[in-house]
Amino acid sequence: MHVEPFTDRNVSEHSAYYYVDIENYPVTGWDKFKQVVKRSLKGELFVGLWVVMREMIKFDIHTVKYPLEKLPIGPRYRAVHKLLRLWESGFERCIGCGLCEKICISDCIRMDTRIDENSRKEVTEYSINLGRCIFCGYCAEVCPELAIVHGGRYENASEQRAHFVIKDDMLTPLDFLTAGQQEEYPGFGAITPHEDERVSKTPLAY
Amino acid sequence: MDVAFIIETIVKIVVILLVFSALAGFGTYFERKVLAFMQRRLGPMHVGPYGLLQVAADGIKLFTKEDIIPQNVVKPIFKLAPVITAATAFMAAAAIPFWPEFTVFGYTVHPIVSDINVGILYVMAVMAIGLYGPLLGGMASANKFSLISAARSAAVFISYEVITGLALLAPLMMVGSLSLIDINNYQSAGITHWIAWSQPVAFILFWIAAFAETGRTPFHLVANDHEIIDGFGTEYSGMRWGLFFIGEYANMFFISFVMAIIFLGGYGDGSIAGAFQLLMKVAFFFFFFLWTRAAWPDIRPDQLMWLCWKVLMPIAVLNVVITGAVILFKLKGGM
């Protein structure tokens, strides 16, 4: 269906909206009687019977047997977080800037950093309290390195809230990375294609 | 009294009890499946192949559940009510011929517990007593939803007794007997002799009333889930609730048998083919109960009363009068 005629919400010949033709309620006894006869003999009940019978014969079952079958979820779905690694070196992408911790509106990200022997900043601890996380996606959006992203793992029932979201659980395992199975993140917070052309210069003076 | 007769009767009673208790269970399975398919779902699938053992799972659950008697109920009546529903449903089966008579090892079996000469009157009367199940259960439950349901069931069942009675009167005047076997034999000459053709109005009226008598969907207001929870069944759990359920489904099967025998020729001439036709007819009526549940909305109690007293009853009375007049003129012509 074309969307255009529905943008005009006023009832006119240009729009797709129209007043539903509802008959007035019958007032006199004779009118009520006529309505009853009309409704009884019009066969509306059989239309209903036919519709459900048709669906039964077509047998177009829409049930998804959930634990056995799963529906695909959208690429921008915001489920449990993942921490990604750099493709070639295998180092962690996270530079420990703390922006995610800062922007988190439910204050559920906690990270600890130190300077390691190579004078690089190293993230020693990174955890997200899933009991408080509202999955707003700000952490993924603010991350300058595309290190923390939202994954597609939505089955996060567990005995402990802390499961899934300590650093070792979220970080891409090294063997997984060398097997080339870390997906470059196309989802929420990822850089959209042709981003360069869409960037305009910040005006310096108004 | 003959010992063989007593043993035969007891065996028949046990067979009917077992078969229709099991059928009531499978009725719930068929209902779930048919409703699911009509709503593009799969229905029960996990217990057994295609969910067939769901019935067993439900049975185990109902039997092993704690028998809860709430605090403020009237205990003896509360305990008795489900038994009334189940018992009257099965008592009604005593006068229904489920199969034409057949011979096993030279012994003729009449698959009817008792061919009394007031058969259909007995069936309708005992089914009418079934009203006391929901009525007493609802009133004894100390629950307002149950009470509403009890009031509704009293109103609906008693009102629709009038329709079933008047609708049956016309075919009975033609047959001249109340025995279901006589009614069946009246139509044994074939499909053209079915009473449904000579009494279409009575057939449809009785069919409509059957929905009210069994409390099925267009007239499901006795236990309407979305208004009054489960009506009279709200406070029940475990096997007491299960007895209500078995009673309801057994009633559906028995009223289907009654409709098939009175209006659609029953088992016809008594051959095996006729017997299987009877089962097909019963299966159709049972399926129609499920079909309407998927397709039609429920109506309000006041609309149900309006339908009964202002529409169906006048039509039924007219039907009786016209049938009587026609029979009278035929008699005059014959004389």
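Please treat every number below as a calculation from the coordinates, not as lab data. All figures in this text were calculated on a predicted structure; none of them were measured in a lab. Virtual Cβ from ideal backbone geometry, glycine too; neighbours counted across all protein chains shown.
A few points about this structure:
- Computed FRET value (nearest 0.05) for residue B:19 with residue B:129, which takes r as the C-beta separation and R₀ as 35 Å: 0.95
- Angle between chain B longest axis and helix B:144-175 axis [Cα atoms, degrees, rounded to 10]: 10
- Low-density loop positions, trypsin sites (Lys or Arg not before Pro), the stretch B:1-71 - DSSP coil, at most 16 other Cβ in 10 Å: B:40, B:41, B:65
- Here the calculated FRET efficiency for residue B:272 and residue B:11, from their Cβ-Cβ distance with R0 = 22 Å, stands at 0.55, rounded to the nearest 0.05.
- The value of relative contact order for the stretch B:23-62, using C-alpha pairs under 8 Å at least six residues apart, is 31 percent.
- Whole-Å distance, taken between Cα centres, linking the stretch B:135-178 and the stretch B:93-121: 27
- Within-12-Å neighbourhood charge of residue B:290 [Cβ basis; K, R +1; D, E -1]: +3
- Distance between the pseudo-spin-label points of residue B:300 and residue B:61 (7 Å out from Cα toward the beta carbon): 3.5 nm.
- For chain A, the longest site-free run once trypsin sites (Lys or Arg not before Pro) in DSSP loop states with at most 16 other Cβ atoms within 10 Å are removed: A:77-119
- Distance from the stretch B:180-221 to the stretch A:120-140 (C-alpha centre basis), Å: 71
- Distance (nanometres) between label positions extended 7 Å along Cα→Cβ at residue A:86 and residue B:26: 7.0
- Using C-alpha pairs below 8 Å separated by at least 6 residues, the relative contact order for chain A is 19 percent.
- In the stretch A:39-99, GluC sites (Glu not before Pro) in a DSSP loop with at most 14 other beta-carbon atoms within 10 Å: A:69, A:88
- DSSP-defined antiparallel bridges as percent of all bridges, chain A, nearest 5: 90
- From helices alone, chain B scores -22500 deg cm²/dmol at 222 nm; the rule is -39500 (n - 2.57) for each run of n ≥ 4 DSSP H residues, then divide by the residue total.
- A dipole drawn for the stretch A:81-189 from +1 and -1 charges on Cβ atoms has a positive end, and of A:126, A:170, A:138 the residue lying farthest that way is A:138.
- Among B:181, B:272, B:68, the largest mean-square fluctuation in a Gaussian network model of chain B (Cα springs under 10 Å) belongs to B:68.
- Using a Förster distance of 25 Å, the FRET efficiency for residue A:55-residue B:311 (Cβ separation, nearest 0.05): 0.25
- Helix-only mean residue ellipticity at 222 nm for chain A, each DSSP H run of n ≥ 4 adding -39500 (n - 2.57), per residue, nearest 500: -6500 deg cm²/dmol
- Placing +1 on the Cβ of every Lys and Arg and -1 on the Cβ of every Asp and Glu, with no other charges, gives the stretch A:81-189 a dipole of roughly 300 debye about its Cα centre.
- Mean Cα-pair separation over length for the stretch B:229-315, i.e. relative contact order, pairs under 8 Å, 6 or more apart, %: 19
- Neighbour net charge for residue B:209 - beta-carbon separation under 13 angstrom, K R +1, D E -1: -1
- Label-point separation, residue A:18 to residue A:197 (7 Å along Cα→Cβ), nm: 4.3
- Residue among B:70, B:301, B:251 farthest towards the positive dipole end of chain B, charges placed on Cβ: B:301
- Radius 10 Å from Cβ of residue B:35, net charge of other residues (Lys, Arg +1; Asp, Glu -1): +3
- Restriction of the chymotrypsin sites (Phe, Trp or Tyr not before Pro) in the stretch B:82-190 to DSSP coil positions whose beta-carbon has at most 16 other beta-carbons within 10 angstrom yields B:105.
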